[in-house]
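Asker: One structure, pasted below without further comment.
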Amino acid sequence: MDSRTVGILGGGQLGRMLVEATNRLNVKTLVLDAPNSPAKQITNSTDHVDGSFTNSDDIRKLAAKCDVLTIEIEHVDVPTLKSLQKEFPKLAIYPLPETIELIQDKYRQKEHLIKNKIQVSESIAVKENTQKELLAIGEKFGYPYMLKSRTFAYDGRGNFVVSGKDSVDAALDALKGNSLYAEKWAPFVKELAVMIVRSVDDRVHAYPVVETIHRNNVCHLCYAPARVSDSVQLKAALLAENAIKSFPGCGIFGVEMFLLETDELLINEIAPRPHNSGHFTINACVTSQFEAHIRAVLHLPMPKGFTAMNSCVTNAIMLNLLGDKHTPNGELKICERALQTPGTSVYLYGKESRPNRKVGHINIVSSSMKECQRRLDYVTGSSSKPVT
Ligand code: ADP
Ligand code: MG
């Protein structure tokens, strides 16, 4: 489909699913990560680079073999990407290094969104990690409030709920050594997310708005479309599109948001890459988030309706598979039930099962949400009645 070679910084499950998309399009793809990482397992090449996406030399090794560089994780070494941009103008890097840099620091990300008139929850930078400063924030925001690491946060690691004056010390201890900021508590009724793909001509295309349900700060379920009114869906899509219009460059973005009781929406955070809340698109949409990203960074066509749900599907639920807490590989029982269930697809990432580690996901599709839920109930074991 394209003679250029794509390099991916990071070879986890998102890289693996990007590679599935490039394999189908016959686009050569090389991965930078540890040997035998999930993405490398499914694409045979002696040109993959063993190393780290935080290491400058390793990134340069990958860049030397590629025409386009992209990422599956935002915690990459941006200064190297910026230098490569200057040294090799013909090397395309998407998302743009400036965008990755801005998004890497969650507080700067918030400042950028505010500057662009996008609603976010009120935030304050923590200048010094002291009891005095956190108590002053408590005076201003009230309790609870959320204390967050500005960088290197994921799956709730890097966040601490400051529930009252007496949890300030525990917060400082839990997040010590990190540069922090505080966010006013968002009393949300639902968490929504929208995947947006941005094309080279600056157009933005929204996937259906989804509802995410978290357990212990990790996405557990994703309902597509979100079970909210049409007007909330429209508003959420528009907010996500407007947010992504403020980041030049192209590629896929995941936009997480809070829906408040008043139907007001606030953006929580943005990921400049494929996202867990977009996995449903593999089975439910005309084009998956992974293929959309590859099309965007290679400037391949993105026709009207390519982000829409397939006409016979219309509803989907995604269930994340976490490593069983008690029995190694115990989560495979869920997969066995999924394999018996119509409209249900299992994705395993080739990762060693450890308690609570994301090791796969299951997509369930149907023409009604009620039927998706019935199938999910059997898959998770909350109903013992197989769906035929
Ligand atoms: P991560 O990078 O770990 O995804 P997030 O900033 O998205 O971090 O926070 C993880 C989860 O914590 C969110 O999905 C949401 O459930 C909760 N959360 C985050 N910020 C707030 C907030 N300001 N108010 C209430 N809950 C929040
Ligand atoms: Mg998040």
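The values are calculated or read from the model by the stated rules, or taken from the named source; none is laboratory data. Model, not experiment: these values are computed from the prediction. With ideal geometry, Cβ positions are generated from the backbone for all residues, glycine too; neighbour counts draw on all protein chains shown. Quick note on the areas: whole protein, heavy atoms, side chains included, nothing else; ligands and nucleic acids left out. Shrake-Rupley method; radii C 1.70, N 1.55, O 1.52, S 1.80 Å.
Asker: Largest first, what is the accessible-area ranking of Leu234, Leu376, Leu135 with a 1.4 Å probe?
Answerer: Listed by decreasing accessible area, they come as Leu234, Leu135, Leu376.
Asker: Compute the length gained on full extension between Leu339 and Leu260: take 0.36 nm times their separation in residues and subtract their Cα-Cα distance, giving the result in nm to one decimal.
Answerer: On the way: separation 79, 0.36 × 79 = 28.44 nm, distance 3.70 nm.
Difference between extended and current length: 24.7 nm.
Asker: Holding the Cα-Cα limit at 22 Å, pick out from Lys82/Lys184; Lys127/Lys245; Lys235/Lys304; Lys245/Lys304; Lys65/Lys245; Lys40/Lys304 the pairs that are longer than that.
Answerer: Lys82/Lys184; Lys127/Lys245; Lys65/Lys245; Lys40/Lys304
Asker: Then there is this: Between the alpha-carbon centers of segment 99-148 and segment 182-210, tell me the distance in whole angstrom.
Answerer: Each part's Cα centre sits 19 Å from the other's.
Asker: Taking 0.36 nm per intervening residue step and subtracting the Cα-Cα distance, what contour gain separates Glu269 from Lys176 on full extension?
Answerer: Working: separation 93, 0.36 × 93 = 33.48 nm, distance 2.22 nm.
The Glu269-Lys176 span can extend by a further 31.3 nm.
Asker: Pop the C-beta distance of Thr380 and Phe88 into the FRET formula with R0 = 56 Å and round what comes out to the nearest 0.05.
Answerer: My answer for the efficiency is 0.70.
Asker: Another one. Rounded to whole Å and ordered largest first, report the semi-axes of the equivalent ellipsoid of segment 148-201 derived from its Cα gyration tensor (root of 5λ).
Answerer: Here the semi-axes work out to 29, 16, 8 Å.
Asker: Follow-up question, since we're still on this one. Starting from the Cα-Cα distance between Asp230 and Cys312, subtract it from 0.36 nm times their residue separation and give me the gain in nm to one decimal.
Answerer: 27.5 nm
Asker: In terms of Cα to Cα distance under 20 Å, which aspartates and glutamates are near enough to Lys333, apart from those fewer than 8 places away along the same chain?
Answerer: In chain and number order, the partners are Asp324, Glu352, Asp377.
Asker: How high is the FRET efficiency between Val286 and Ser56 when r is their beta carbon distance and R₀ equals 56 Å, given to the nearest 0.05?
Answerer: Values: r = 39 Å, r/R0 = 0.70.
E(calc), rounded to 0.05, equals 0.90.
Asker: While we're looking at this one, here's another question. Which order do peptides 293-299, 137-143, 60-66 fall in by mean Cβ count within 10 Å, highest first?
Answerer: Details: 293-299: 23.9, 137-143: 15.0, 60-66: 18.0.
Going by the mean number of other Cβ atoms within 10 Å, highest first, we get 293-299, 60-66, 137-143.
Asker: Gap in Å between the Cα centre of segment 327-382 and the Cα centre of segment 225-240?
Answerer: With segment 225-240 and segment 327-382 each reduced to a Cα centre, they are spaced 27 Å.
Asker: Restricting to the chain, compute how many DSSP beta bridges are antiparallel as a %, nearest 5.
Answerer: Working: 58 of 71 bridges.
For the chain, the DSSP antiparallel bridge percentage is about 80.
Asker: To the nearest µm²/s, what D does Stokes-Einstein give for the chain at 10 °C and 1.306 mPa s, using the Kirkwood radius over alpha carbon pairs as Rh?
Answerer: 73
Asker: Something else now. Where the only charges are on Cβ atoms (+1 Lys, Arg; -1 Asp, Glu), what is the dipole of the chain about its Cα centre, to the nearest 20 debye?
Answerer: For the chain, the charge dipole is close to 440 debye.
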